Amino acid sequence: MIRLPGHLVNSPPPFTASDNGAATTDVADAAAVLTAAGADIDAVTARVAAAGGDTAMFHAALAASARAVGTVTAGGAGSGSGGSAREPVADRVADLVAVAAWRSGAVPLRDDALARLRRLAADPAGRQVAAAALALDDAGLDEFVARQSADRFWFPGRAALRGYVLSTGGFRGLGGVWIRPPEEAVPLAEAGAFAIRSDDQWWRLDCDVFGSRLRLQTARPDAGPSGSARIILPPASHLAWVYVAGDA
Amino acid sequence: MTDRWNRVSVTPTNPGQEGPPQQITATDLLSGSVPTAGVALDEKLRQAYYWIVNRAVISPYYDMEFSGGRALSIALGDADAHVTLPAEASFSSNVLIPLLTFAVGGKCLLVGGPGRGKTTVAVLMGVLAGDAPDDVRRGVQQGQPQLSVSDLVGIPLPADLVAAQRLADIRIAWRDWLTRPVKIIDEYNRIPTKTQSALLTMVAEGYVESHDQMHRTSPDGGVESWYFTANDDAGGGTFAVIQALRDRMDVTVQAAGFNSRFFDELIVRVEAGEKPEEHVPVEIVFTAAERAAVRSAIRAVPIPVAVRRRLQFFFTHFEFVQHGGRRFEYRTKDVVTTAGRSVAEAIEANSGADLEVDPGAQTINGLSVRSLQTLILFAKAMAWFRGERAVTDDDVAAILPFVLRGKLLPNTTHSRFEVGAEPELLADSLSWLADLFATSGRIYGQLQREKDDPTGDLLREFDAGLDGLSAVEASSRITRVESRLRAIAVAGKLYGRDFDDVVALKYLHQRYTAYLRWVERSR
């Protein structure tokens, strides 16, 4: 089987249709959340896409958090049956949008989403919503937020995958970006940033656990200090892997 | 199910040197300001181009080639055909030319047989400008022999017609399409001559008039683009296209035929009943402010001196014809044409030049100032689109045939078009124009004009100004001008470049002698 680029945190898919009985209700439930803030779902979705997020996952994450709100307001954890979303508290909409967009892979939302997650995690009602948007269970939310503050590539289950986080690039003929396998990679000064060379072209990778962005550069970027995360280039492969050493 | 249309290139279409993605907040997502990675406007235009060629219009042609001299050419068959594989990113003219017209706010003529996507491309441009697909299609003006001026622009309100005591009291119900940012005229060569004149006023002046009422059609500070379609660009049709309107077309592009290897995609579209203009991603739609910013950015692209000199040299070839008149300044093709005589015969009668090497002998007209201005603007647009910091010779070479098509006309009696495979160039005017520009470049190199340009030196000396110039120095310069004229005189053969030089030298002579008279009177 030909492996395509992707984030291992999304394998298996974090939000499935069986969670809500019908995938098409994701968009409706997500729209209900945004309507509470006077926002238009098409416009917000387009901006999430422009920021690098996957729109289907954005809808699914937002819908999951909206249903978690519905579950909470219906009488407590576990009392909901995954039914239709209740209208969330209006001032929480921005929190949900930030977390859902980041979860969908929009790397530019990382800082804002993490700041909101720290606040949500301290609130009993908010933490259920946040966990739902991240497709985590409530018990794992605190560890996730704490680990993310120091390690942008951490997610539960990374240890089971021996430290591999994501693959990027791919063969251009199959929808990827490289004609030849990448041959060289160096870390850059910014967190989560790497430079990768394929043939005589340098590319800049900016990534974290949920999202990544690959940009063609005109010249080799200046290298930075090495960290725990590095790029692994398997021989004869068009994929470049982000790997974090030290996971048991 | 994913939307197979809604996939804009997420990796940039041109390399840059970027930093990390700029962090944004949920407020930015909800409020509408998303400075994500700062998608520059030229990158947005490139994304629009690639979306159109990869998703909307099945156009596997790459006839606008960029190679930097490293192209691979493969001979095909035994009829002197060859295919060129360019080394750099190259483009499909039937998409890029309309897109550049959209960017600069120009006028584009799309020609080609029926059903080749001319109107589809134009409608896509309308959707890129932010109009809904249905509105764009409703706004397309269909040329037909009974199309009157009122049909085109609007009618006077009947109540006002009855009650008005004077023309100024009549209000006109102007048609909506008049103020759209993208205006589309289908089959413009089927429009009656009188209506063509009303159209000309809109295209040329940006307003329309009816019953003494004027209505501005070009948006204030905004950018409007015009798209015309026709089945041919010979100027014929149900009604002959008036020359002034034909001359207003900034660029002319051929609609490409369908490549059968992409038949499967066509079947999918028929089965799904899909139209590309209904699936334009919102990320590549331009606001009015963005279009104005694009046009400003294009105008700001510099043209380096070396590129200017080559282009300037190309312009010199075409106006002069030795036996066009008696007075030297009247020895032009325009004088011959306006006198109703044959330019080809005047060219043929010239025994004072080598007609085989003279590019000017291959044309029956010269270049208008309007076409020169258009060429400058579109060369800048080409460079801007490619992400270049300045206009290059390659940009000029790529865009020139589309700008000059239908404006610089071939002298069909020239012996060049009788030899070997050269008659092909009478049908393929784009290749002929590209060859003219390349020939001009070779002559420029042979004459070493970059290093040896005495007339240019004299003009630059004059451009430095006359402040404080003494009478002695002025006289000295007059002598140098006269010497330069005599040097041209002894060369024997006269070409277009010499005509322009002689006229310029006469201009210098006049300016210096006027200055000398002033200096001497001031004593």
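So the values come out like this:
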{"item": "Cross-link pairs beyond the 23 Å C-alpha cut-off, checked among B:LYS183/B:LYS275; B:LYS194/B:LYS333; B:LYS44/B:LYS380; B:LYS107/B:LYS407; B:LYS333/B:LYS451", "result": "B:LYS194/B:LYS333; B:LYS333/B:LYS451"}
{"item": "Degrees, to the nearest 10: B:393-404 long Cα axis against longest axis of chain B", "result": "80 degrees"}
{"item": "Where B:ARG166, A:ARG116 fall by accessible area, highest first, once all protein chains stay in place (1.4 Å)", "result": "B:ARG166, A:ARG116"}
{"item": "Most to least packed among B:119-131, B:190-202, A:52-64, B:414-426 [average Cβ atoms within 10 Å]", "result": "A:52-64, B:119-131, B:190-202, B:414-426"}
{"item": "Where B:LYS275, B:LYS333 fall by accessible area, highest first, once all protein chains stay in place (1.4 Å)", "result": "B:LYS275, B:LYS333"}
{"item": "Buried area at the A-B interface (accessible, heavy atoms, 1.4 Å probe, summed, Å²)", "result": "2400 Å²"}
{"item": "Lys, Arg +1 and Asp, Glu -1 on Cβ, resulting dipole of chain B about Cα centre, debye, nearest 20", "result": "1380 debye"}
{"item": "Nitroxide proxy distance, nm - points 7 Å out along Cα→Cβ at B:TYR50 and A:ARG220", "result": "2.5 nm"}
{"item": "Mean separation of Cα contacts under 8 Å (6+ apart) over length of chain A, as relative contact order %", "result": "18 percent"}
{"item": "Residue-averaged beta-carbon neighbours from other chains (10 angstrom radius) around A:209-217", "result": "4"}
{"item": "Bridge type composition, the protein assembly as shown - antiparallel percent by DSSP, nearest 5", "result": "70 percent"}
{"item": "Separation in nanometres of the label points that stand 7 Å from Cα toward Cβ, at A:ALA43 and B:GLN312", "result": "5.1 nm"}
{"item": "Label point distance in nm, B:GLN373-A:ARG118, each placed 7 Å from Cα along Cα→Cβ", "result": "6.0 nm"}
{"item": "Long-range amide H partners of A:GLN217 with built H, under 5 Å", "result": "A:TRP202, A:TRP203, A:ARG204, B:GLY16"}
{"item": "Dipole magnitude (debye, nearest 20) for chain A, charges at Cβ of Lys, Arg, Asp, Glu", "result": "420 debye"}
{"item": "Sparse-neighbour loop sites [trypsin sites (Lys or Arg not before Pro); the stretch A:127-213; at most 14 other C-beta within 10 Å; DSSP]", "result": "A:ARG162"}
{"item": "Derived scalar couplings ³J(HN,Hα) [the stretch B:70-87; Karplus, 6.51 cos²θ - 1.76 cosθ + 1.60; whole Hz; x for Gly, Pro]", "result": "10, 6, 9, 10, 10, 6, 10, x, 10, 10, 6, 8, 8, 10, 9, 9, x, 8"}
{"item": "The stretch B:71-146, dipole about Cα centre (Lys/Arg Cβ +1, Asp/Glu Cβ -1), debye to the nearest 20", "result": "320 debye"}
{"item": "Distance between the stretch B:47-79 and the stretch B:461-518 - C-alpha centres, whole angstrom", "result": "48 Å"}
{"item": "Surface accessible to a 1.4 Å probe, B:GLU265 within the full protein complex, Å²", "result": "60 Å²"}
{"item": "Largest-first ordering by accessible area, 1.4 Å probe, given options B:TRP384, A:TRP178", "result": "B:TRP384, A:TRP178"}
{"item": "Surface per residue (accessible, 1.4 Å probe) for the stretch B:333-390, Å²", "result": "46 Å²"}
{"item": "Heavy atoms of B:ARG511 accessible to a 1.4 Å probe, total area in Å² rounded to 10", "result": "100 Å²"}
{"item": "Neighbouring partner chain Cβ atoms per residue of A:98-109, average, 10 Å criterion", "result": "4"}
{"item": "Relative compactness, the stretch A:117-248, computed as alpha-carbon Rg over 2.2 N^0.38 Å", "result": "1.19"}
{"item": "Degrees between helix B:93-104 axis and first principal axis of chain B (Cα, 0 to 90, nearest 10)", "result": "80 degrees"}
{"item": "Dipole axis of the protein assembly as shown (+1 Lys, Arg; -1 Asp, Glu on Cβ), positive-most option in B:VAL53, B:GLY456, B:PRO133", "result": "B:GLY456"}
{"item": "Anisotropy class of the stretch B:15-157 from Cα gyration tensor, a/c 1.5 cut", "result": "oblate"}
{"item": "Accessible area per residue in Å² at 1.4 Å probe, computed on the stretch B:159-256", "result": "45 Å²"}
{"item": "FRET E, pair B:HIS323, B:ALA204, Förster distance 25 Å, beta-carbon r, rounded to 0.05", "result": "0.15"}
{"item": "Accessible surface of the protein assembly as shown [probe 1.4 Å, protein heavy atoms]: carbon and sulfur percent", "result": "52 percent"}
{"item": "More than 35 angstrom apart: percent of Cα pairs within chain B", "result": "46 percent"}
{"item": "The stretch B:314-363: relative contact order in percent, alpha carbon pairs under 8 Å with at least 6 residues between", "result": "39 percent"}
{"item": "Anisotropy class of the stretch B:255-318 from Cα gyration tensor, a/c 1.5 cut", "result": "oblate"}
{"item": "10 Å Cβ neighbours from other chains, averaged over peptide A:39-49", "result": "5"}
{"item": "Cα-Cα pairs of the protein assembly as shown separated by more than 49 Å (percent)", "result": "34 percent"}
{"item": "1.4 Å probe accessible area per residue over the stretch B:416-523, in Å²", "result": "58 Å²"}
{"item": "Förster radius 45 Å - calculated FRET efficiency between B:ASP78 and A:ARG172 (Cβ-Cβ, nearest 0.05)", "result": "0.80"}
{"item": "A:GLU190/B:LEU459 FRET efficiency (R0 35 Å; Cβ-Cβ; nearest 0.05)", "result": "0.10"}
{"item": "For the stretch B:512-523, 3J(HN,Hα) per residue [Karplus equation, 6.51 cos²θ - 1.76 cosθ + 1.60, θ = phi - 60°, Hz, x = Gly/Pro]", "result": "5, 5, 5, 5, 4, 4, 5, 4, 6, 6, 6, 6"}
{"item": "Computed accessible area, B:TYR62, all protein chains, 1.4 angstrom probe, square angstrom", "result": "110 Å²"}
{"item": "Mean separation of Cα contacts under 8 Å (6+ apart) over length of the stretch B:413-514, as relative contact order %", "result": "25 percent"}
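The values are calculated or read from the model by the stated rules, or taken from the named source; none is laboratory data. The structure presented is a predicted model; accordingly, all values stated were derived computationally and were not measured. Glycine gets a Cβ as well: all are built from the backbone with ideal geometry, and neighbour counts include every protein chain shown. Please note that ligands, DNA and RNA were not included when accessible areas were found on the heavy atoms of the full protein model with its side chains. Shrake-Rupley method; radii C 1.70, N 1.55, O 1.52, S 1.80 Å.
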